Structure formats: structure tokens, C-alpha cells
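The values are calculated or read from the model by the stated rules, or taken from the named source; none is laboratory data. Everything numeric here is computed off the predicted structure, so don't read it as measured data. Neighbour counts run over all protein chains shown; Cβ positions are idealised from the backbone, glycine included. Remember, those area values only see protein heavy atoms, side chains included, never the ligands or the DNA or RNA. Shrake-Rupley method; radii C 1.70, N 1.55, O 1.52, S 1.80 Å.
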Amino acid sequence: MGTGALISGTDWVGAWEGSWGFGAGDWLALVEGFEWRADEERVTNGVWAWSQPFWVPAKSGKVAVLLVDTEGSMDIESNKETSIKLSAFSMLLSSYQILNTGCRVKDPDLEYLEMFVQVAEVVGEAYGLEPIQHLDLLVRDWSSSRVLGAQGGEQHLRQVRQKLEARSPCKHPKALEALKRSSSCCYLMPFPGERITMGSEGTLRDMGENFRESLRDYVTTLVSSASQHVQTDRHREMLTGTQLAAKIKNLSDVMKKHRFGFSSPCQMAITFHNQRVVDSARTDHAVFLREKDGLSRRMVDCLTMDPSAMAEQFEEQRRSLLERCWKEMKEPEETLLTALEAELTQEDQTFLETYGGCYQCHANNQRAMDSARRDHADFLREKDGLSQCMVDCLKVDPSTMAEQFVQQRRSLLERCWKEMKEPEETLLTALEAELTQEDQTFLETYGGCYQCHANNQRAMDSARRDHADFLREKDGLSRRMVDCLKVDPSTMAEQLVEKRRSLLERCWKEMKEPEETLLTALEAELTQEDQTFLETYGGCYQCHANNQSLMDSIRQDHALFLGVKDAQSQHMFSCLTVTPSAMAEQFVEKRRSLLGRCREEMKEPEETLLTALEEELTREADIFLETYRKRYLYHLTNLGQKLGQGLILLFAAKSSFRD
């Protein structure tokens, strides 16, 4: 859907080539458009608009051009009021104004233009539009110079402006201001020819060659610039068809209501002002009605104001609006104010009838709702008592309690629905919201109580778990001889006492509302578990002590055995009598003997301990055997050297004996 431009003129505007529906070969065809005839009698009455838009291509898309023609506003038969009304509609309808005049721009033309600009400014102010977006002075039958078209029009327009400026004060200041704008242009057209003025049917063939060329040039220029003249408001925002139609309807309604308000532009401005004042009063009264109507729908607000008090407020509001209208109106219209008063009074009476019924209905419903509130309050007190006792509270978790409240609330609302004469969904919804809010408030408190009780329970359970973990840790320690022997039973008992005291203190701090009976019971429970553990721990400690003593004895015997063998290894002949392999066998046999004795004498033999002891003795034996092998080789080497020296002496003695 393309944008649109409305083009209007005070006489005839026709269609031309291209998108206007005419091809290049249609020059001499009959021009179809608004009705026309060569006569002094006017043809156009009121405002004519072409039934279909002309779609003109543009860079941004297609532009819909609508042609509008108004009757000659400067005709002798036309009165000023009619001219003003036509000018107002022309300005509102069109974004491109064409003032069609003959021979030259004369003083009556400028007088009409002065009036038109004044009207346009008033209408523009009233409807938020630019008074005149574009103005063309189309001068026909030009014969004062040979220069025609836009060039001649520019010269003529300059002369008109100079003529207006030369006179002080200016006779037509609004017209001069409009003609000075860059959006105002002038176009000169020659005489159309004698044939067309002598009763022609209006064919292009009957027009003079110069006139046809000027007409084509003007229409072509107009069409090519159509996209630049789209109907806009004062902020240069494009008007939609719906917006424009609403403004036209409003102007028509104003003209019907104010039949004598368009005698002059000034009177028209007063009429528009007064209409705005009345419309503002209607709007404010409608807002007041909506406000009170909203109040009547809310039971609490409605019952604070009985129908008589509401009637007084409406009377005061109506009087205030009428007084304001009287003060703000320029030349107050008694009939307009009387009609407004009757209109507002009728609206008030209609509303007050409805309000009285609403008030009575709300009063009946209020009693049913108050009964439901009392029963709900009793239910709340009952559940509040339950929440004070921890045992009872922990039996009903918050979600279950919430379900009970939902059921109670549903029961009360159903009873309300039955007791109300005219049940109102909004009132029941409001009551439900109220009861729900009270329930939520209670459930928040209940949740806090439940959480407190549950928190105390968790604190105690946490203490039990930590105590059990501590006992497991110490039990694991008691199974490892090295760790167990580091803590004797009395020290372990002290640690358990300290742990128990720490857990009870932590419970006291973590509990929101500590209970002595619970803490006393917890202490007795933990003490019993500690005593049971200590009995077992004492036995483990004694067993580990015995085993440690036995293993220490085995280590001492093995150390003595090592000492004996080490002393033996210091003497060459003693060392050489036992080879390293034989010595290793002796150590294996000794270790086997010691471990066997250890296994027999242990109360509760532990393989891990025996394995660790065996590895310890084996390491000591391996270290000694490594040293023993070195000593054995050393002694063997020394023995060989000594035996070699003895043989040399023997050979020397034998030689000497022979000599």
C-alpha cells in the first residue's frame, strides 16, 4: 500500500500521461475528469473528489494521488461563510493546494488567499497539521508577456510580492507570508484557444498547441513531485487514511454543531477553541465516571460512600466543569453549555442508578464475607496452638499444613458463594486473596516454627553423626598398634569427654530454642556409647602393649645374634670358617625361630605386625650379610698374600741348601 497525496484546486485539475492513465498516442482523445463546460455558470458545487487514486511511481514505492476540486470560492454567489467552510475542508483534505485564477493575480485573489491562509492556520492548529504544505498559483489566459510556465510564474510571483511589500502597512500580510515560502510557486498558462471556449467538448484537439504544451509540462512536473507532498502532520509524520478520516469527521461534526461559527476566520478560531473546551470537559467527566465506576466495583471502597454522598460528588463535579467551561470559553455559548449540562446530568443519573444497586449488593455480600473471616480466624488460632509444641509440629510439615489451609479456604469460599444473593467473582476473588494472604502469613510463621524444631532435630542428629564418626575414627586407631599405644585409655577417656562436651555446646548454639530435656537425653546417650567404646578400647590397648613387648624382645634377641656374628666376622680364621651363603642360612633359621616364638607368644597374632617384623629383621640381616661378604673377601685376600710370601721363602731356602 503506497503513501498518498491529496491535490486540490479551486477550479479544474485534470489527468495526463503515464501513470495517470494516458499513453503517448492519446493526445487527441477526450479528457476524462471532473465535469467541465465553457460557460460563465459554475459547474462544481461544494467539494468534489475523484473516486479512484492515481498511482504514481516513486523511489520509496507508489504514491496514491487523489484529486479534489472545490467550487470557485470567489464567485459572486458565494458568501463568506461558505468560502470559509470550503477552505477549511480544502486545507484538511489536501497537501497540495492550487489556486486557479485568470489573466493575473489580482487583489480579490490575494484577499481570498489572505482568508484561506487564516483559515488554514486555525484548522492546522486545531488538528495538528501544517497549514499549507504546498501552494501553486496557476494563472490561465496569460498574455502580459511571452515568458510562460514556471519561469514566467517566478517573475510574476516576484512582482506580486513586491507589490504587497511596497504598501505599508501590508494589506494582505498572511498572503505575503505564504507567497514568500519556498513551498509556494506560480505557473503561467496561455489562452487555451478559441475553439475550446466556444462550446467544445473538451478534447485536446480543440486546445491550442501552446496551451497543450504548458498543460503537459505543468501536470508532468506535478506528478513527478507527488512523493514529496505526502499528507503529514506538524511533526512531518505521515498521516494514515484512518487518521485523516477521523479528522474530517470531526470537522464535519463541529460544523453541524456550530452552524453560525464560521462567519470569519476569527469566529472559526473561537468556535474551535470553545469546542476544545467542551471536549476537554467531556473527557474529564468521562475520567471521573471511570474512576467512580472503578470504585463501585471494589466493595471496600463502595461501602465507604453511600449513594446520596456519591450524588453530591457528581453534582459538585458537574458544576465545577460547567464553571470552568464558562471561564475558558471565548464568547460563551449558552446553548452549548445547556446541552453539555443536560448531557452530563443524564450520564450522572444513569451511573447513580447502577451505583445504588452495587452498594446494596456489596452490603449483603459484606455480611457473608465477615462470617467467613471469623471462622477463618478461629481456624488460624487452633493451628497456631499446634505449632507451639515441637512434637505436634513435626508431625505436620508445612506442605501438609498448606493443604489443610487450602481445604479450609475452599470450604469457606463455597459457603460464601451460597450465602451471597448476587455472588460477585471479583469479591470472592478479593476474599480469597485476603484469606490466602492471612494463610501465607501464618504459614510463614508456621514454617519458621517447623524449621526451628527441625533445625533443633538436625542439630542433635548432626551431633550424633559426628560422635559416631569420632568413635569410628578412634576405633580405627585402636586397631593400629602404633597409633593405639600413643593414646592410653585414660587419655582416650579425656578425649571422649572433651568431644562430648564440644558437641553439646555446638548443639546449644545451633538450636534456635534449646531444650534442656533434649540436651540431657542426648548427653546420656553419648556417654553410654563412650563407655561401651572405652571398654573395648582398653582391651585393645592391653593386647597391643603385650604384642609390642614381645616384638621388642624379638628385636633384642636378633640384635644380640647380629652382635655375635659381627664379632666373629672381625677374626679372619673365624670368618673364613663360615662362608657368606652359610651365614645367610643361619640368619634365615634364626629369623624363622624368632618369628615362630613371636607367633606362639602373641595373644591375638596379627599377620600385618608379623609381616612388618619379618621385613624389619630381613632388612637388618641383608645389611649385615652385605658387610659380612666384604669382610670374608678381605680375609681371604689377606690369607692368599701370606701364603704367597711363605712359598718364596721356601724356594729360597731350597736353593741355598742345594748350593
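Some observations on this one:
- A dipole drawn for the chain from +1 and -1 charges on Cβ atoms has a positive end, and of T532, M460, T271 the residue lying farthest that way is T532.
- Cα-based reach from K180 at 18 Å (exclusive), listing aspartates and glutamates while leaving out same-chain residues under 8 positions away: D107, D109, E111, E114, E121, E130, D136, E154, E165
- When a 1.4 Å probe is rolled over the protein heavy atoms, the share of accessible surface on segment 378-420 that falls to carbon and sulfur comes to 50 percent.
- Here's how it looks for T232: its modeled amide H is under 5 Å from those of L239, which are all 5 or more places away or on a different chain.
- Taking the square roots of 5 times each eigenvalue of the Cα gyration tensor of segment 169-245, largest first, gives ellipsoid semi-axes of 33, 21, 13 Å.
- Accessible area per residue in Å² at 1.4 Å probe, computed on the chain: 56
- Taken about its Cα centre, the chain carries a charge dipole of roughly 3040 debye when the Cβ of each Lys and Arg holds +1 and the Cβ of each Asp and Glu holds -1.
- Segment 284-323, accessible surface, carbon-and-sulfur percent (1.4 angstrom probe): 49
- 0 to 90° range, to nearest 10: angle between helix 107-127 axis and the chain longest Cα axis: 30
- Set K85/K330; K106/K171; K106/K174; K85/K163; K85/K249 screened for pairs whose C-alpha atoms are more than 18 Å apart: K85/K330; K85/K163
- Of the chymotrypsin sites (Phe, Trp or Tyr not before Pro) found in segment 274-371, none is in coil by DSSP with at most 15 other Cβ atoms within 10 Å of its Cβ.
- Per DSSP, loop GluC sites (Glu not before Pro) in segment 191-291 with at most 14 further Cβ within 10 Å: E201, E237
- Anchor K499: lysines whose Cα lies under 26 Å away (excluding residues fewer than 8 positions away in-chain): K474, K486, K509, K512
- Within straight-line reach of K565, meaning a Cα separation under 17 Å, sit the following lysines at least 8 residues removed in sequence or on another chain: K590, K630.
- Under 5 Å, built H, 5+ apart or other chain: amide partners of W55: V65
- To put it simply, the accessible area of segment 186-257 at a 1.4 Å probe is 51 percent carbon and sulfur.
- Listed peptides 407-415, 219-227, 270-278 by packing density, highest first (mean Cβ within 10 Å): 270-278, 219-227, 407-415
- Alpha-carbon Debye profile of the chain, log10 I(q)/I(0) at 0.06, 0.08 Å⁻¹: -0.69, -0.89
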